[in-house]
Structure formats: structure tokens, C-alpha cells
């Protein structure tokens with residue numbers, strides 16, 4: 001049975017009229033960054049939302065339409081492209097201001113697409129202010145709705161209009177025990193439980209500001225999905241896009257560039273927080289290093305986030321086409337020396353701008369993820385353990401014999417191995433590091449962190465060491 005294609009609803013408008021707030025209200029979560037700063041949203045964000053229990057659609061949050069600068073002109077082009085892609089258009093204006101000729105012209109331009117279109121007059125926060133809404137009726141939109149997104153007012157008529165164009169998605173009748181019996185259900189397409197579908201990979205692209213993260217995303221997708229500019233910090237909201245490769249669904253998260261904390265001002269402070277939140281949802285990280293700069297102290301701190309979240313990793317050295325005379329071996333040695341705790345991560349040199357070797361990244365992602373979720377059989381693991389012990393016996397402690405009875409892998413993503421010992425407290429971290437390196441030599445864990453814990457027989461391996 002062919003899957004029914006979802007309707008797409010695009011939210012457009014000039015900067016700072018409340019588009020991201022409406023997006024969050026529909027998604028019932030604080031996902032898009034909202035702020036009084038004009039131009040906070042610069043890329044197109046997407047979420048799948050269900051209203052009235054059984055009407056599902058995809059909502060698109062766009063950047064503010066403003067042709068006042070080169071950067072924001074590009075953002076405006078992205079927004080208008082989203083309108084062309086959409087089935088339904090919501091054009092939002094600020095109800096606390098007088099109707100503007102620019103809004104009128106943009107609305108007329110959108111009306112020529114002959115799609116269902118509603119004019120949303122936002123910031124009508126009480127009944128007294130509702131009279132300002134009447135002034136926008138002169139625009140002649142086929143449907144005009146007063147609204148206060150921040151106060152959650154005047155939504156009923158808007159939902160009734162929207163439902164006219166959103167077909168019923170799920171014919172199944174909800175039961176009393178079914179969670180879908182709630183009036184509204186929200187499903188974030190980027191937080192599907194990985195245990196349910198094991199071929200879904202969530203990839204976070206992180207790095208310092210202006211290392212080429214958005215350019216890499218565009219090159220991987222084969223289209224201009226993220227705004228690219230020489231202005232440092234262009235990406236504010238993390239954006240995401242899913243593609244299929246080698247029977248895997250890969251969701252890329254183009255995170256906001258991370259600056260030094262002393263230079264994080266205003267909205268970028270929220271972007272840093274959002275980057276950390278996205279890493280909590282990721283399986284694998286592409287760590288971007290600028291080949292023309294090399295590894296800096298800030299790169300080390302950024303890479304430390306990968307260690308903290310125990311994620312699979314591929315180090316991507318970008319701008320290789322414009323590097324200086326430093327050889328590949330010198331660059332690798334420098335990176336390995338500075339990022340010792342990411343010793344397991346393979347490296348690839350690319351040029352996101354020219355596309356050099358970018359196509360190899362997708363194969364690397366699926367291969368690393370395969371190792372990230374792999375489970376080594378207990379018999380093979382213990383064969384390797386016995387060989388490792390024969391080569392280097394477990395050191396005794398003050399004359400007391402310390403034995404490791406057997407090993408078992410108790411978790412994946414990342415792989416976690418428990419060693420069962422008679423005296424776990426006396427096994428030195430250096431010996432665990434030796435065993436970790438030995439297991440890596442026997443099994444392919446490239447690109448993957450490997451956790452080893454030591455327990456007594458019968459002790460829960462899930463307990464923190």
C-alpha cells in the first residue's frame with residue numbers, strides 16, 4: 001500500500017511577527033528559537049504535527065522575508081521557495097502595527113500561487129485589541145484570523161479552517177487505552193526511537209563558527225538546504241534533513257557554530273544550548289576542522305562534547321583545497337596529538353565547496369554506525385579476553401590474586417563490555433585501557449567509543465562505576 005503524502009503548511013511573514021512561536025505552538029514544544037531579535041530564524045525548519053487526533057501534516061517554519069541586506073535577501077528566497085513547495089500558506093503579520101504596503105504586496109504575490117492561504121494577524125492579546133484586526137481585512141485575503149500565539153487565544157476558527165484542507169491520515173478509531181485518543185498528538189520526525197527502527201542514523205554536524213558545516217550539508221544533500229554566508233554565525237537554529245543511503249535513513253543536524261563563551265551574545269547563547277540538546281539526540285558526529293587553521297583550543301572543547309555524550313565520530317577536515325603546504329601526515333599527527341581522546345575517530349579530508357571526497361562521507365557514516373550498534377558474541381569476546389590475559393596477566397594487588405572470569409557485552413550504541421572479576425576494585429585503569437586496545441585490535445570498532453566496566457558476579461552492570 002502506497003504511503004499517503006502529507007500536506008505541507010508553510011508559515012511566512014516579515015521578521016519578528018511570531019512565525020516560530022506559531023510553529024512551536026503547533027508542535028506543542030519549544031523547538032524553534034524565539035526572540036525579539038529580528039531575523040532569529042534563518043533556515044527552514046520542518047516538523048510533522050497531528051491535530052484533531054487524526055489529521056497529520058508537515059509544518060514549515062521559514063525565516064523572515066526582508067530584502068534589507070544580502071544575507072536576509074537569501075533568507076527571504078528560502079522562505080518563498082518553501083511557499084512554492086507547500087500546499088497551504090499561512091502569512092503572518094504583526095497586529096500591533098498598522099498594515100504595511102510591503103505585507104500587502106507579499107500577500108498578493110503569494111495569492112498568485114492559487115493555494116489555500118490564510119492571513120494570520122498575530123499579537124491580538126485581548127478583546128480590546130481585536131479592533132486592530134479589522135484594519136487588515138482590507139487586504140482581501142480569502143481567510144483572515146486574529147490570533148495571540150503567546151496567549152494561546154483565538155485558535156478555534158483557525159483550526160477549523162485548516163482542517164478543511166488536511167485529510168484524515170489514520171482511519172483507525174482510537175480506544176480508551178490508546179494514547180492517540182488525545183485531541184492533539186505531536187510527533188517529532190527526528191526523535192523516533194532508534195530501538196524500534198535500527199537503520200535510522202542521527203548525525204550532528206558540529207564545529208567552530210565558519211568551518212563549513214552548512215556548505216557540507218548542502219553538498220551532501222545536493223541542494224541548497226541551509227543558508228551559507230561568509231558572515232560568522234549565520235546558522236542560528238539547528239536544521240535537519242533526512243536522506244536515504246545504503247538502506248539507512250540519515251538525518252543530518254546542521255548545528256549552530258559554537259563561539260568562545262565570552263563572544264556568545266544574545267541569540268547565539270540559545271544556539272549553543274540547542275547544539276548541546278541536539279547532541280543528546282545524535283548517534284554520530286561529524287566534527288568539522290578547518291584545514292587552514294588546524295586544531296585550536298576551542299576545537300578541543302567542542303570535541304569534548306563528543307566524549308561527554310559517548311558518540312560515534314568522523315573527523316572531517318574541510319577546506320583541504322585551500323590549505324597551506326602542510327602535508328596530510330603532518331595534519332593528522334597534529335590532530336591526533338591535540339585530540340587524544342578521539343583516537344578512535346577516522347579522518348577524511350574534503351572540500352565542501354568543491355565537493356571533493358564529500359560523497360565518501362555517506363559510506364563512512366553507515367559503516368561507523370554499523371560498528372556503533374554491533375554486538376560481539378560472548379564466545380568470541382571471551383576468546384579474545386583469554387588471549388589478552390595470556391599475553392599480559394592481570395596485575396596482583398599487594399599480593400592478592402586478581403582474576404577476570406569472563407567478559408560480556410551488555411549494551412550497544414556505544415558498545416559496552418562488562419568484565420566479571422573477583423576483585424573489580426583492584427583492576428587498574430591502565431589494564432582496562434590495555435584490554436580496550438586489545439579488543440579494538442580483534443574487532444572493528446573504528447569510529448566508535450568503547451566502554452569497559454568491571455563488576456563482581458551478580459552485580460548489576462547498569463550501575464555507575
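Some points to look at:
- Put in line by how crowded their Cβ is, counting other Cβ atoms within 10 Å and starting with the fewest, 356, 288, 278 read 356, 278, 288.
- Residues residue 48 and residue 199, FRET efficiency given R0 of 22 Å [Cβ-Cβ distance, rounded to 0.05]: 0.70
- Rg/Rh for segment 325-465, where both radii come from Cα atoms and Rh is the Kirkwood radius: 1.07
- Inter-label distance, nm, simple model (7 Å from Cα along the C-beta direction), residue 433/residue 130: 7.0 nm
- Put in order of Cβ neighbour count within 10 Å, fewest first, the listed residues 101, 142 become 101, 142.
- With the convex hull constructed from alpha-carbon coordinates only, segment 264-392 shows a mean projected area of 10.7 nm² over all directions.
- Between residue 307 and residue 403, full extension at 0.36 nm per residue minus the direct alpha carbon distance yields a gain of 31.6 nm.
- Projecting label points 7 angstrom from Cα along Cα→Cβ for residue 153 and residue 115 puts them 3.0 nm apart.
- FRET efficiency for residue 160 and residue 102, using Cβ-Cβ distance with R0 set to 22 Å, rounded to 0.05: 0.15
- Calculated FRET efficiency for the pair residue 244/residue 293, C-beta based, R₀ 51 Å, to 0.05: 0.90
- Proxy reagent accessibility, fewest Cβ within 10 Å first, across 287, 450, 137: 137, 450, 287
- Taking a ≥ b ≥ c as the square roots of the eigenvalues of the Cα gyration tensor, segment 364-437 is prolate, since a/c reaches 1.5 or more and a/b is larger than b/c.
- If the segment from residue 354 to residue 336 were pulled out straight at 0.36 nm per residue, it would be longer than the present Cα-Cα gap by 3.9 nm.
- Separation of the residue 137 and residue 300 label points, Cα + 7 Å toward Cβ, nm: 6.7 nm
A short reminder: the numbers here are calculations on the coordinates, not readings from a lab. Quick caveat: nothing in here was measured; it's all calculated off a predicted structure. When we count neighbours, we look across all protein chains shown, and the Cβ atoms used for this are built from the backbone with ideal geometry, even at glycine.
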